[in-house]
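The values are calculated or read from the model by the stated rules, or taken from the named source; none is laboratory data. Since the structure is predicted, the reported quantities are computational estimates derived from the model, not experimental observations. Because the Cβ atoms are built from the backbone with ideal geometry, glycine has one as well, and the counts that use them run over all protein chains shown. Areas reflect the complete protein model, heavy atoms only, side chains present, ligands, DNA and RNA absent. Shrake-Rupley method; radii C 1.70, N 1.55, O 1.52, S 1.80 Å.
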Amino acid sequence: MPVEPRLRSLTPAASSALEHEALARGQSFTALDLSGLDADAVEFEQCEFDRTTLAGTALDQPRFTDCVVASSDWANVRLTKPALLRVRLSDVRLTGAAFTAGTLRDVTFAECRADLTAFRFASLAAVRLTACNLTGADFTGADLRRAEFVSCDLTGAQFSNAQCAGTVFEACELSGIGGVTSLSGATIAADDLAALSHTFARALGITIAG
């Protein structure tokens, strides 16, 4: 299980916190519009994002430590080589978001709309995704050996060249996923295997008769 964020008393934040190389510590981003911005090397420590939009924002090498994100719109956010440590995201819209080549450790995604989200070449350690819409998500080349998916819709998700030895899938929709042979070593709940049967057959060149 991921370690929960460690928060302290917070002070109100301003949009200036997204300037290049800015450090935001112990701040509350509440009902702010930070969409469409660009910043490099921004650091957030013990911060809360509540009803705050980062839609379409591009952050290069951002760092989030001990942060909580709730009821926010982060659709199409572009995080390049991000570092997330002890972060919880709940009820966050992440459609089309990118965590490219990121390092995620002790991170929880709960009830997030994360369809078409890209975790390409990211490392997910002690990461738990619960009740998330991950349809069409891209995990190409990702290290998922310590990731857990629970009650997630992964229809059409891509796992090509992902490392999945130790990954746990429980009560997930797995129909139509790509790169199914990369799931070698994963633990999959028995009830989830039925949706994978045709995908496995296609990958192995097996014809199912009848």
Query raised in the report: If we only count strands (runs of 3 or more DSSP E) wholly inside the range 1-65, which ones have 1 or more residues that are closer than 23 Å to residue 118 by Cα and in contact with an Asp or Glu (Cβ under 6 Å, 6 or more places away or on another chain)?
Result: 38-40, 58-60
Query raised in the report: What tally of residues in the range 120-144 results from selecting those that are among the charged types (D, E, K, R), part of a strand (DSSP E or B) and more than 19 Å from residue 5 (Cβ to Cβ)?
Result: 2
Report summary line: Going through the range 103-121 in order, the residues found to be touching a residue at least 60 places away in the same chain (Cβ under 8 Å) and touching an Asp or Glu at 6+ places or on another chain (Cβ under 9 Å) are 106, 108
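Per-residue answers, yes or no, for (1) of a type outside the set (Val, Ile, Thr); (2) without any contact (Cβ under 8 Å) to a residue 24 or more places away in the chain; (3) farther than 16 Å from residue 113 by Cα:
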site: 131; (1), (2), (3): yes, yes, no
site: 136; (1), (2), (3): yes, yes, no
site: 143; (1), (2), (3): yes, yes, yes
site: 156; (1), (2), (3): yes, yes, no
site: 165; (1), (2), (3): yes, yes, yes
site: 168; (1), (2), (3): no, yes, yes
site: 176; (1), (2), (3): yes, yes, yes
site: 188; (1), (2), (3): no, yes, yes
site: 191; (1), (2), (3): yes, yes, yes
Query raised in the report: Is at least one residue of the range 41-64 open to solvent by 50 Å² or more (accessible area, probe 1.4 Å), under 29 Å from residue 177 (Cβ atoms) and more than 11 Å from the chain's Cα centre (by Cα)?
Result: no
Report summary line: Of the listed residues (120, 128, 93), the one being among the basic types (Lys, Arg), in contact with a Phe, Trp or Tyr (Cβ under 7 Å, 6 or more places away or on another chain) and surrounded by 18 or more Cβ atoms within 10 Å (Cβ to Cβ) is 93
**Report entry** Of all residues making up the range 77-96, the number that are in a loop (DSSP other than H, G, I, E, B) and closer than 21 Å to residue 45 by Cβ
**Finding:** 4
Query - Test: residue 147 is open to solvent by 10 Å² or more (accessible area, probe 1.4 Å) and either assigned to a strand (DSSP E or B) or out of contact with any Pro (no Cβ under 7 Å at 6 or more places or on another chain) (or both) - result: no
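Rundown of residues vs (1) small (Gly, Ala, Ser); (2) touching a Leu at 6+ places or on another chain (Cβ under 6 Å), yes/no style:
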| residue | (1), (2) |
| --- | --- |
| 68 | no, no |
| 79 | no, yes |
| 83 | yes, no |
| 86 | no, no |
| 92 | no, no |
| 96 | yes, yes |
| 109 | no, yes |
Query - Total residues in the range 18-35, condition open to solvent by 40 Å² or more (accessible area, probe 1.4 Å) and either among the aliphatic types (A, V, I, L, M) or within 20 Å of the chain's Cα centre (by Cα) (or both) - result: 4
Query raised in the report: Hey, among 70, 126, 98, which residue is touching a Lys or Arg at 6+ places or on another chain (Cβ under 8 Å) and touching a residue at least 60 places away in the same chain (Cβ under 8 Å)?
Result: 126
Report summary line: The one condition residue 87 fails out of (1) closer than 20 Å to residue 133 by Cβ; (2) open to solvent by less than 40 Å² (accessible area, probe 1.4 Å); (3) touching a Ser or Thr at 6+ places or on another chain (Cβ under 7 Å) is (3)
Query raised in the report: Can you tell me which residue in the range 166-183 is farthest from residue 149 (Cα to Cα), limited to those that are modelled with pLDDT of 90 or more and open to solvent by 50 Å² or more (accessible area, probe 1.4 Å)?
Result: 173
